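Enquirer: Got a structure for you, questions after.
The values are calculated or read from the model by the stated rules, or taken from the named source; none is laboratory data. Since we're looking at a predicted model, the values are computed, not measured. All Cβ positions, even for glycine, are placed from backbone atoms using ideal geometry, and neighbour counts span all protein chains on display. Accessible surface areas use protein heavy atoms only, side chains included; no ligands, DNA or RNA. Shrake-Rupley method; radii C 1.70, N 1.55, O 1.52, S 1.80 Å.
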Amino acid sequence: MEKELGNVVAERILPPTEQEISNEIDVKVKKYMRGEGANLEVLKDKKLKGQLSVIEDLYGKSAKAAAKVEKWLMPSEGGYLETEGLEKTWRIKQETISHEVDILSRRNQHDIILPALGPYSIDYTSNGRYMAIAGRKGHLALVDMKDLNLIKEFQVKETVRDVVFLHNELFFAAAQKKYPYIYNREGTELHCLKEHGSVLRLQFLKNHFLLVSINKFGQLHYQDVTTGSMVGSFRTGLGRTDVMQVNPFNGVIATGHSGGSVAMWKPTSSAPLVKMLCHPGPVSALAFHPNGHLMATSGAERKIKLWDLRKFEVLQTLPGHAKTLDFSQKGLLAYGTGSFVQVLGDLSGAQSYTRYMAHSMAKGYQIGKVLFRPYEDVLGIGHSMGWSSILIPGSGEPNFDTWVANPFETSKQRREKEVRSLLDKLPPETISLNPSKIGTLVAVKKKEKKTKKERDAEEEAAVDAAKGITMKKKTKGRNKPTKREKKKHEIIEKAKRPFLHEQIKEEELSRKRSRLSEEVELPKSLQRFAHKKTVT
């Protein structure tokens, strides 16, 4: 007996590593369970008890599956800077962080000084591996951020205002002095987009394959890069602006204007979807949270506002001026002004942003653009003397989905992803403020009230149809003319009946309304202000 018990206990005891894994999964299962299970022993109804037990088993299985996915497919965990006692995270400098991180992370801290060709604008690919840089004086370059290798650099010998990657690192667009140009990875000019004019800002909608630009005359252009067709082209009517950003949630383009308003656009409408007054003065920068429900704007009155786009209300107002704004994948907000960069964080999860980190550039540097690198705890800074990269712990998503963005993808994987994304390309009509409405059922509209002429015409048509009915010939004695006429009269009355019912209902409604109006009769002193019906 003792031997048998010993064998059973030995079977239940797992090796240490497996035991630790099972304990860890059990902890994660509790996170995904929907509260405690129902007490089924109290129930007397056997049928209900069986149904609820099946549902509880399904809840347990789904929670266990979610826990296993988190354990094996999302092994990395994100974290933020933590301090002890009176220490503050925004007082920790980049030199201190570089001494504590590994060698690969330390390589992400660098300053490239090119004062003769700045100020610089930067952009990253969706997987965060490649960076495109554009100097105002014509310097364009591509850099592999994984190996820190220069892929290609060339001089276009004219002003470059902005640069943006297209669907992958093989193509990028640059807003030059007269027109925007599209280049490939080798620096070869592929297209000159003359329809766009002198462009100030560029954006790319990766799900719709649309290149969006706004020029110095305030004209907004949407061009499909797969077919080359111009999907939308219209004037904003709000003046010149270089503040433009795309909402990653729904593909809506937002532009900030000198009157303090922010307008949101889609390619199929020349009128703005939303036009909201955000600041009393000019809008200097704006950015969208990755979830698409939060927008940050900065105004010339030295205030930064956070907006809830579901209600179009201000959530928080912060002091400070920002020339450029950007949200990270984990929701950190970076803004730059002068030679100073500030990073705000919603560490409590209550949509209350506070100071998280700060960084000062060398005196005299003028920051033009800040941009978080995807899937890395890195913030890229384009400034008047070149570009820089600093470490911001907790800013990047620690786990990447290789079907969405793979920093280590091969050329074969890139080709397959390109074909797949072209097959899944969304039409421009799907861009809307609420994309979740697509695929839902359209609400049934109320029947419109018919006019008297329409009702009379329908009644006449029904009577004519009743008169045209041919009577069957019956046996002798049942086919008399009087009986036939009586039958025809009954058919015509039957056809008229629904119209008479409708007329009676309308008369009853009108009587009720007249009674109510008589009951709520105004006193004599106020009767002269009442609306008098015109006599027809």
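Enquirer: Output the residues belonging to region 262-282 that are open to solvent by 20 Å² or more (accessible area, probe 1.4 Å) and in a loop (DSSP other than H, G, I, E, B).
Expert: 266, 268, 269, 270, 271, 272, 273, 280, 282
Enquirer: Out of all the residues in region 314-326, is one or more assigned by TED's automatic domain parsing to the domain that holds residue 393, under 21 Å from the mean Cα position of the chain (by Cα) and polar (S, T, N, Q)?
Expert: Within region 314-326, the first condition is being assigned by TED's automatic domain parsing to the domain that holds residue 393, and the residues that meet it are 314-326.
Now restrict to residues that are under 21 Å from the mean Cα position of the chain (by Cα): 314-316, 324-326.
Adding the requirement that they be polar (S, T, N, Q) leaves 316, 324.
Among the residues of region 314-326, at least one is assigned by TED's automatic domain parsing to the domain that holds residue 393, under 21 Å from the mean Cα position of the chain (by Cα) and polar (S, T, N, Q), which makes the answer yes.
Enquirer: Another one. For region 251-258, state whether one or more residues are crowded, with 22+ Cβ neighbours inside 10 Å and polar (S, T, N, Q).
Expert: yes
Enquirer: Quickly run through region 305-333 and pick out the residues that are among the charged types (D, E, K, R) and in a loop (DSSP other than H, G, I, E, B).
Expert: So in region 305-333, the residues among the charged types (D, E, K, R) come out as 305, 308, 310-311, 313, 323, 326, 330.
Result: 310, 311, 323, 330.
Enquirer: Exactly one condition in (1) outside any strand (DSSP E or B); (2) free of Cβ contacts under 8 Å to residues at least 60 places away in the same chain is false for residue 379; which is it?
Expert: Evaluating residue 379 over (1) outside any strand (DSSP E or B); (2) free of Cβ contacts under 8 Å to residues at least 60 places away in the same chain leaves (1) as the failure.
Enquirer: Moving on. Within region 64-73, can one find any residue that is open to solvent by 100 Å² or more (accessible area, probe 1.4 Å) and over 31 Å from the mean Cα position of the chain (by Cα)? Steps first, please.
Expert: From region 64-73, those open to solvent by 100 Å² or more (accessible area, probe 1.4 Å) are 64, 72-73; that's our starting set.
Filter again for over 31 Å from the mean Cα position of the chain (by Cα), leaving none.
Within region 64-73 (the criterion being open to solvent by 100 Å² or more (accessible area, probe 1.4 Å) and over 31 Å from the mean Cα position of the chain (by Cα)), the answer is no, since none of the residues qualifies.
Enquirer: Going through region 349-376 one residue at a time, which ones are out of contact with any Pro (no Cβ under 9 Å at 6 or more places or on another chain), closer than 20 Å to residue 319 by Cβ and either not charged (D, E, K, R) or not in a strand (DSSP E or B) (or both)?
Expert: Let us first name the residues in region 349-376 that are out of contact with any Pro (no Cβ under 9 Å at 6 or more places or on another chain), namely 349-356, 358-365, 370-373.
So of that shortlist, the ones also closer than 20 Å to residue 319 by Cβ come out as 350-356, 358-360, 370.
Selection gives 350, 351, 352, 353, 354, 356, 358, 359, 360, 370.
Enquirer: Let me ask another. Determine which member of the set 227, 241 is within 28 Å of residue 403 (Cβ to Cβ), part of a loop (DSSP other than H, G, I, E, B) and of a type outside the set (A, V, I, L, M, F, W, C). First the steps, then the outcome.
Expert: Working: 241 fails: within 28 Å of residue 403 (Cβ to Cβ).
Only one candidate passes the filter, namely 227.
Enquirer: Being modelled with pLDDT of 90 or more and either touching a Ser or Thr at 6+ places or on another chain (Cβ under 9 Å) or polar (S, T, N, Q) (or both) narrows it down to one of 404, 419, 341, so name that one.
Expert: Unique residue meeting the criteria: 341.
Enquirer: Can you name the condition, by its number, that residue 85 falls short on among (1) modelled with pLDDT of 80 or more; (2) part of a helix (DSSP H, G or I); (3) open to solvent by 70 Å² or more (accessible area, probe 1.4 Å)?
Expert: Against the list (1) modelled with pLDDT of 80 or more; (2) part of a helix (DSSP H, G or I); (3) open to solvent by 70 Å² or more (accessible area, probe 1.4 Å), residue 85 comes up short only on (2).
Enquirer: Also: Could you list, ordered by first residue, the pairs with Cβ atoms under 7 Å in which the first is in region 116-129 and aromatic (Phe, Trp, Tyr) and the second is part of a loop (DSSP other than H, G, I, E, B), at least 6 apart or interchain?
Expert: Listed by first residue and then by second, the contacts come to 124/374.
Enquirer: Inside region 122-146, can you point out the residues that are assigned to a strand (DSSP E or B) and either within 19 Å of residue 376 (Cα to Cα) or basic (Lys, Arg) (or both)? Full working, then the answer.
Expert: To start, the set of residues in region 122-146 that are assigned to a strand (DSSP E or B) comprises 122-124, 130-135, 139-144.
Those that are assigned to a strand (DSSP E or B) and either within 19 Å of residue 376 (Cα to Cα) or basic (Lys, Arg) (or both): 122, 123, 124, 130, 131, 132, 133, 142, 143, 144.
Enquirer: Now, a different point. Out of the residues in region 425-460 meeting the condition of being open to solvent by less than 100 Å² (accessible area, probe 1.4 Å) and basic (Lys, Arg), tell me which one is modelled with the highest pLDDT.
Expert: So the residue we want is 425.
Enquirer: Of all residues in region 192-215, which are open to solvent by 10 Å² or more (accessible area, probe 1.4 Å) and out of contact with any Gly (no Cβ under 8 Å at 6 or more places or on another chain)?
Expert: Result: 192, 193, 194, 195, 197, 198, 200, 201, 203, 204, 206.
Enquirer: Now for a separate question. Being touching a residue at least 24 places away in the same chain (Cβ under 8 Å) and not basic (Lys, Arg) is the filter here, so list the residues in region 96-115 that pass it.
Expert: Let us first name the residues in region 96-115 that are touching a residue at least 24 places away in the same chain (Cβ under 8 Å), namely 97-98, 101, 105, 107-115.
Within region 96-115, 97, 98, 101, 105, 108, 109, 110, 111, 112, 113, 114, 115 meet the criteria.
Enquirer: Residues of region 231-250 being open to solvent by less than 10 Å² (accessible area, probe 1.4 Å) and touching a Pro at 6+ places or on another chain (Cβ under 8 Å), which ones?
Expert: Passing the criteria: only 232.
Enquirer: If we keep just the residues of region 28-56 that are within 26 Å of residue 69 (Cα to Cα) and open to solvent by 90 Å² or more (accessible area, probe 1.4 Å), which is modelled with the lowest pLDDT?
Expert: 34
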